[in-house]
């Protein structure tokens, strides 16, 4: 067994530090509300008594890594927003039609939004989707968001129906920090 030297330790730090920094400064591309597909933009509305509007995107950097972001906004009293940005790593899964991923990033709520504290913090999560056939897919994500000393979760479950090569409709259920409602959405392929 080779002893750990200063050079070996320096090499490990030189490779790990940028990777950890990238994960810390980025957010869960699907870890949260980003489109379940890579290279897509989406719009959603959830009812919540006072509607929550969501816009999101994901952009593939490689076949296994994408960046994503979302912005959630409610205009009724109390008004508020929650945004996140980050990266997702998609695992190579041998089963056809399956996508599984983990993500990490940053998030911010202002003013307090749906049970999330006012401030900025980190988020991380995991998700998966399964394509049942050429038209229908199911998806789910679970994210843990830590903002302003408070940790809350976001759970998103839904189905996506393809209306062609570039447009899909979404019907789902989202739960922000214990408050959940159904939503409708549309997703557009970016390329």
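Below are the figures for this structure:
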| read-out | value |
| --- | --- |
| Total residues in the range 91-106, condition closer than 14 Å to residue 141 by Cβ and under 11 Å from the mean Cα position of the chain (by Cα) | 5 |
| Subset of the range 170-181 [closer than 13 Å to residue 155 by Cβ and at pLDDT 85 or above] | 172, 173, 174, 175, 176, 177, 178, 180, 181 |
| Matching residues, the range 92-116, being surrounded by 13 or more Cβ atoms within 10 Å (Cβ to Cβ), part of a strand (DSSP E or B) and out of contact with any helix residue (DSSP H, G or I) (no Cβ under 7 Å at 6 or more places or on another chain) | 99, 100, 101, 102, 103, 105, 107, 108, 109, 110, 113, 116 |
| Filtered residues of the range 133-169 (kept if more than 20 Å from residue 45 (Cβ to Cβ) and either at pLDDT below 90 or not in a strand (DSSP E or B) (or both)) | 133, 134, 135, 148, 149, 150, 164, 165, 166 |
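The values are calculated or read from the model by the stated rules, or taken from the named source; none is laboratory data. Because the structure is predicted, anything quoted here is derived from the model rather than measured. Because the Cβ atoms are built from the backbone with ideal geometry, glycine has one as well, and the counts that use them run over all protein chains shown.
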